[in-house]
Each structure stands twice: as structure tokens, then as C-alpha cells.
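The values are calculated or read from the model by the stated rules, or taken from the named source; none is laboratory data. Only a predicted model underlies this, so the values are computations on that prediction, with no experimental measurement involved. Here the Cβ positions follow ideal geometry from the backbone for every residue, glycine too, while neighbour counts run over all protein chains shown. Side chains included, ligands, DNA and RNA excluded: accessible areas come from the protein's heavy atoms. Shrake-Rupley method; radii C 1.70, N 1.55, O 1.52, S 1.80 Å.
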Amino acid sequence: MPKLSEGYKRADGGLGIRNEVLVIYLVECAHHVARRIVEESGKGNSQLIGFPGCFPNEYALKIMKGLTTHPNTAGALLVSLGCEAFNREELAKTIEASGRPVETLVIQENGGTLETIRRGKEAVARLRETADKTAKAPMNISDLVVGTICGGSDGTSGISANPAVGRCFDELVKQGSACIFEETGELIGCEQIMKERAVTPELGDQIVSSVNKAADYYTVLGYGSFAPGNAEGGLTTLEEKSIGAYSKSGDSPISGLIKPGDIPPTGGLYLMDVIPDGEVRFGFPNISDNAEIVEMIASGAHLILFTTGRGSVVGSAISPVIKVCANPETYAKLSHDMDVNAGRILLGEADIDEVGQEIFDHVDAVASGRPSVSEELGHQEFILTYKSFEPIGPSCLPTR
Amino acid sequence: MSAKSKFILLHPKDNVFVCTTFCKSGEKVSISGNDIILDKDITVGHKVAGSTLAAGEKVFKCGAPIGSMIEAVNCGDHVHMHNLKSDYLASHLRTATGEQDA
């Protein structure tokens, strides 16, 4: 069985590749205090995440539960202003039930900014001390959950980086990992092919419904589906455009359809439906790439494979992001922000299988503790906004 | 894969190659072992036929169908809007945008 070195063993059975203490603001009004706690607690001791809204949102609570009980998370400090609607008691209870330490500070009850920062630093020191005592346990490739997204795409994404990630996904799935691809809105036209790849006919029908939902949602938002620039770049049909993004999924059968925060119950390939259910209520499904990354982490992703043509520089809190650059010209300009140069495929210096293997080797190394490039540079982007979802149906998941 | 090839086969199932380096009209390239003289400029991302393709034949890229040929082409011919059409009929899209079903 292929090795990773060792993972951090959590009380709930999870195996993490990182050991993060999270400082979480539960409304924008607590953001400054939480940020100062992180800054004054010293580099590498804690990470900042949060939810800006004052109004309640079940989705945000579910995502926060997923993030705070993620295998890479060792403990959390919740920073509340006091009057916001976020259900901090329920979040704290969930974290506690997972066996992780959690502390809560309410600014209105703790003497305001300065005193809350002071107490917050003490809390982080305690949480870090506990985190550092976390036991290690052997961890295999089959224990990994890996997500993929594309951002800052151009005409090269679909012919170098994306198919190479697909090859890496095939190998990961073969070795027992759970792999997640997403953005049903960019898979319009691929639903019939995905249906044929589904492990059951019922799952196939669910996949088709999820893409139809995405098409309707984007129609309401006024999205154009195929731009003149696409044709200039060599794309002829809508399904061809979608297949560029779709090729990240590789060739494995599709084992399940999940929604943000649902944890894949087994290894295999999973499609994440990121389009909210019901009427269009809160605007665009995901307002930027990090919103998609956060959702995959909330579904257990230990690390993220991010393909980019024009050149994104982002990383993420909680889980490392490995960046795969599709365009050799972009790589020449932004090489210090990239982990893998998939543009070599276009230059004839490597084939798709070779770059797929190189991505796999990066997954292995980063999961074994080596920082990814964005991690090394200190990128810890995070964004969480309003959404609403219905629970997935029973036919969406494989039986364990 | 030839180190100098300017075209790539993305998936073994594919019947089109994708251009990875700009090619000028009149340039001699090798597609599926055939020497082809290009009759037009081909820019990065554009497709050429990997073999003779019949009218109505499904075109595969990345192992997935991207449409059907509306006319026959020879190996090495440019495959694009003029000879390839979408097979995708998204009735929900046409309904949603108020267009008539064909």
C-alpha cells in the first residue's frame, strides 16, 4: 500500500495532514479582534477564518461545522460580538463532540476589543499547546480526500493542466482516495456523459438534475453560455467548452453526488453540486474561487488541486492548495506562485501522463508535510457567504 | 509523443488533435503518422482531424463527445464551427430563455 508518512490522529478517527488552530469570527463585527488575536499569537500558531453576516444561515453553520471538525483542524477559538445570529453554542457543541478543544469569547461580555484580544491570545496558546500534543498515526493515500477546481482559466487550461489533474485523480481513486470535482454550472453539456459514468442509474438521474438546476440558475442570473472569445480560442461547441473543465475529473466511475459540507463516505470520485436549491436568493453561487475551495474543505478535502491558465496566486486556510499552471507563458511570469508547470505539455516537453504523475507526487509530498508554494508564501485566503441547500437524497451516495 | 509535435492527442479515444504551438498555412506537420500540408493558419487550442471523418461522425475530445461532423473531412483538416455542430440540445435552456423548440 502506498505510504504517506504519518497523519495527525483526531479523537473522532480523522487523520489530518496539517494541525491547525482556527480563530473564527462569527460576524464581521468581530473580524478585527479575531485578526489581532491571530497576528499577535505568532506566525504559524493559528489561522483566521470567519463568516461576515449577522443574519442566520444554516448553510454557513454546516460549513463551519465541517471546517472545525476537519481532520486538519486541531481546535478552535470562536470570537463573537455577542448580538449576531450565528449559533455559536451549537457550533461549539459540535466541535466539543468531535473531541477537539474549543473556546468561545464574546466581545460584549469580555470587556471589548483589548481585553478580548488579550484573552484570545491566551486561548490560542492553550489550544496550540494541546494541538502540539496530537498523536501521529500511519496514513495512506487511501485516507486522503482531494478536491480540484479551476480558476483564472484560459484556452490552455482544458488541454494541459485539467486533463493532467484528471490522470492524477484516476491514480488517486485507484489507490482508494476520495476525489471531488465541482461547479455543475461549468459542466453544462456534460450531464449525459457523467450520467453514463455514474455507478447507479439513480445517481445518473440525480447528476442530470443537478446540471439542469445549474443551467436554470445561471439563466436567471443572465449568464451567457458561449462567448465569441471561446470560438477564437478554438472551442466549437458548448459541450466542448464544458469538457475542458470536466477533464479534471479523469476517467473513473462517478461514485456519488454531494453538496457542500457532505463528507464522501468511501473512496471514489464525487461530483459536488454547488448550486443552491430553491429560487435564486443570494446572488452568484460562488463569488470567487476561494468560496469553492472552502466548500470542498468543508467536505473533508485534505488538499486542493487548483488549475490555472491566466495565473491565480491564492492558497487557503486549513488545507494546502497545489497550483497547476496550464499556460507556459503564465508560468514564465508567475513561476514562484506555481507548484506544477503543466504548460510543458504544450511545449512538447512532457506528456499528460507524465504531468499527471508529477501532480500525484506533489500530492504525496504535500500530504506528507512539505508546504505547497502558496502555503510557503503565507496564502490563507478564506471566504464564506450566504447560500441555501436541501439535503441530498439517498441515491446520491454509495452504500458503505 | 514526439518531442517536436505541435499537436496533441488529449485522450486515446479522441479523433481530433489540438494545436499546442501556432502553425502557419503551408507548414508541413505530422498527424497520426501522415504528413499534412496545412491549408490555413492553425492557432493554439484549435482542432484538426486525426483521421478521415465522415459526415455525421461523432467527434471526441478529452475522451468525450463534443458534437458531430456536418461534412466529411480528411486527416489534418481544421475542425471548427464550419464543419462541426453541437449535439447538445438543452431543452431547459431554450425554454428558460423563451426560444422556440426546433
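Set the Förster distance to 30 Å, then compute FRET efficiency between A:VAL313 and A:ARG35 from the Cβ-Cβ distance, nearest 0.05.
On the way: r = 21 Å, r/R0 = 0.69.
Efficiency, from the Cβ-Cβ distance: 0.90.
How about region B:13-46: which of its residues lose at least 20 Å² of accessible area in the presence of all protein chains relative to their chain isolated, using a 1.4 Å probe?
B:THR20, B:VAL44, B:GLY45, B:HIS46
Quick one: which residues, 5+ away or cross-chain, put their amide H under 5 Å from the amide H of A:ILE258? H built at 1.01 Å from N.
Those qualifying (amide H under 5 Å, at least 5 residues apart or on another chain) are A:LEU271, A:MET272, A:ASP273.
For region A:43-105, run through the trypsin sites (Lys or Arg not before Pro) and keep only the ones in DSSP coil with at most 12 other Cβ atoms within 10 Å of their Cβ.
On the way: sites: A:LYS43, A:LYS62, A:LYS65, A:ARG88, A:LYS93; in loops: A:LYS43.
Here the sparse-neighbourhood loop sites are A:LYS43.
From the phi angles alone, apply the Karplus equation (6.51, -1.76, 1.60; θ = phi - 60°) to region A:131-142 and give each ³J(HN,Hα) in whole Hz, x where the residue is Gly or Pro.
Taking θ as phi minus 60°, the curve returns 4, 5, 8, 4, 6, 9, 9, x, 9, 10, 3, 5 Hz for region A:131-142.
Suppose we flag chymotrypsin sites (Phe, Trp or Tyr not before Pro) only when DSSP calls them loop and at most 15 other Cβ atoms lie within 10 Å. Which is the longest uninterrupted stretch of chain A?
A:1-222
With +1 assigned to the C-beta of every Lys and Arg and -1 to the C-beta of every Asp and Glu, and no other charges, what is the dipole magnitude of the protein assembly as shown about the Cα centre in debye, to the nearest 20? All intermediate terms of the calculation are to be shown ahead of the outcome.
Numbers: 46 positive and 65 negative charges, 187 e Å.
Approximately 900 debye in magnitude.
If you keep only loop residues by DSSP, which GluC sites (Glu not before Pro) in region A:192-298 have at most 13 other Cβ atoms within 10 Å of their Cβ? Before the final figure, lay out each step's value.
Working: sites: A:GLU196, A:GLU202, A:GLU232, A:GLU239, A:GLU240, A:GLU279, A:GLU292, A:GLU295; in loops: A:GLU279.
In loop regions of region A:192-298 (DSSP not H, G, I, E or B), the sparsely surrounded GluC sites (Glu not before Pro) are A:GLU279.
Report the equivalent ellipsoid semi-axes for chain A in whole Å, largest first, defined as the square roots of five times the eigenvalues of the gyration tensor built from alpha carbon atoms.
Numbers: eigenvalues 227, 112, 85 Å².
Computed over chain A, the values are 34, 24, 21 Å.
Can you say what percent of the DSSP beta bridges in the protein assembly as shown, counting only those with both residues inside, are antiparallel? Round to 5. Please report the intermediate quantities before stating the final value.
On the way: 25 of 65 bridges.
Expressed as a percentage, antiparallel bridges in the protein assembly as shown total about 40.
Give me the distance in nm between label points sitting 7 Å out from Cα along the Cα-to-Cβ direction at B:ASN34 and A:VAL106, one decimal.
In this crude label model, B:ASN34 to A:VAL106 measures out at 7.6 nm.
Convert each backbone phi in region A:150-157 into a coupling constant with the Karplus relation 6.51 cos²θ - 1.76 cosθ + 1.60 (shift: θ = phi - 60°), then list the ³J(HN,Hα) values in order as whole Hz, x for Gly and Pro.
10, x, x, 6, 9, x, 8, 4
Where a ≥ b ≥ c are the square roots of the eigenvalues of the C-alpha gyration tensor, would you call region A:20-133 rounded, which needs a/c under 1.5, or, failing that, prolate if a/b is larger than b/c, or oblate? Each step should come with its number before you reach the end.
On the way: a/c = 1.69, a/b = 1.05, b/c = 1.60.
Judged from the Cα gyration tensor, region A:20-133 comes out oblate (a/c at least 1.5, b/c at or above a/b).
What part of the accessible area of chain A, given as a whole %, is carbon or sulfur when the probe is 1.4 angstrom?
Numbers: 7690 of 14970 Å².
Percent of accessible area from carbon and sulfur atoms in chain A: 51.
What does the helix-only formula give at 222 nm for chain A: each DSSP H stretch with n ≥ 4 adding -39500 (n - 2.57), the total divided by the residues, and the result rounded to the nearest 500 deg cm²/dmol? Before the final figure, lay out the partial values.
Working: 13 runs with 145 residues, N = 400.
Only helices count here, giving -11000 deg cm²/dmol.
Residues in region A:46-72 near a label at A:ASP12, defined as backbone nitrogen under 17 Å from the 7 Å Cα→Cβ point?
Counting only backbone N, you get A:59-72.
Using the Karplus curve 6.51 cos²θ - 1.76 cosθ + 1.60 with θ = phi - 60°, work out ³J(HN,Hα) for each residue of region A:102-112 in order, rounded to whole Hz, and write x for Gly and Pro.
Once θ is set to phi - 60°, the couplings for region A:102-112 become 9, 10, 10, 10, 10, 4, 5, 9, 10, x, x Hz.
Rounded to the nearest 0.05, what FRET efficiency do A:GLU232 and A:SER209 give with R0 = 45 Å and r taken as the Cβ-Cβ distance? Could you check? Don't skip to the end; give the middle numbers.
Values: r = 33 Å, r/R0 = 0.74.
Efficiency, rounded to the nearest 0.05: 0.85.
Mind jotting down the distance between the C-alpha centroids of region A:193-272 and region A:11-47, whole Å?
33 Å
May I ask for the accessible area buried between chains A and B, both sides summed, probe 1.4 Å, to the nearest 100 Å²?
On the way: alone 16250 and 6340 Å², together 20100 Å².
Using a 1.4 Å probe, the pair buries roughly 2500 Å².
Mind listing the long-range amide H neighbours of A:ALA74? Cut-off is under 5 Å, sequence gap 5 or more, other chains count too, H placed in the peptide plane at 1.01 Å from N.
Correct list: A:GLU20, A:VAL21, A:LEU22.
Please say if region A:66-134 is rounded, prolate or oblate, where rounded means a/c under 1.5 for a ≥ b ≥ c the square roots of the C-alpha gyration tensor eigenvalues, and otherwise the choice is prolate for a/b larger than b/c and oblate otherwise? Walk me through the intermediate numbers first.
Values: a/c = 2.90, a/b = 1.31, b/c = 2.21.
The shape class here is oblate.
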